[in-house]
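Worksheet: one structure, shown below.
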Amino acid sequence: MASLRYLSSHVLVGCFALALTAPPALAGDDPTKPQGAPEAAASARPELEVSLGGGVIFAPRPYEGASAAVIPIPVVNVRYKRLFAEGIRGGYQFLQAGRLAGNAYLQANFEGLESTDSPYLEGMTNRSMSADAGAEIVYRARPVGFRFNVLSDVLGRNSGQEISLQALTGAPLGRGSFLLAGIGPRWVSATRVDYYYGVSGSEARPGRPEYRGTSSWNWDLSVGANIRIAGNWSLFALFSREAFGSAIENSPVVSGPAAYSMITSLTYRVR
């Protein structure tokens with residue numbers, strides 16, 4: 001499970017956040033619904049929702065010489081009124097007004113580095129996984145909505161923050177199925193960049209110079225689809241690309257200009 005530390009938590013959260021931010025006109029499209037019926041009726045949700053399943057994550061890791069991670073994961077999604085637990089995060093919906101929603105949550109952060117996973121990383125101090133507190137505002141609309149999100153480390157591992165803004169759009173793929181895409185900038189604080197991508201003086205080696213990370217502007221791109229395959233069974237797939245800003249890309253321990261990940265999951269809606 002140590003290899004999971006290399007997986008960006010953005011991908012895991014994106015898997016659930018993209019699905020949850022689906023505009024009601026996509027997630028709730030019903031060809032049997034009469035034209036002009038109130039939208040509130042189409043987007044009404046039961047008090048308790050439970051989905052169980054499993055999935056697989058494929059994630060090439062951004063560090064020099066580190067192999068890609070292929071990780072099976074359980075998927076447990078639970079919503080009760082305004083409380084929710086989705087994948088690696090759980091929290092409370094503090095705002096619900098038409099197409100506008102606000103959530104406060106805690107989530108796991110699996111980013112990190114282990115010196116044993118690549119000869120190039122030998123002598124580096126391990127960077128530990130952590131946990132973030134977050135808040136998001138989501139506006140669900142067609143053709144374009146948005147998601148504004150703020151994260152801050154709560155365990156004091158990297159003591160950093162992130163702020164992101166994504167434009168979201170999508171298209172229905174039939175009853176209960178939809179395609180979603182998101183794109184936008186992500187600001188990562190200097191302390192967070194330095195913790196995960198910096199090289200201290202004691203870690204410097206020939207070919208791996210000392211490097212102090214500064215704040216970075218990254219760009220996120222996500223494309224996902226949720227397919228209702230039969231009854232209460234659904235298949236979800238998400239491709240994600242995080243293009244690094246120069247502060248991360250120039251780090252001597254980073255292998256390329258971007259990180260890529262793919263996740264697929266099969267879930268059964270219990271209720």
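Before moving on, here are some points about what is shown:
- Cα lying deepest toward the dipole's positive end in segment 110-253, options GLY201, GLY182, GLY245, charges on Cβ: GLY182
- Whole-Å distance, taken between Cα centres, linking segment 58-111 and segment 163-194: 13 Å
Just so you know, all these numbers are worked out from the coordinates, no wet-lab data involved. Everything quoted here is computed from the prediction, not taken from an experiment. Ideal geometry is used to build each Cβ from the backbone, glycine not excepted, and the neighbour counts take in all protein chains shown.
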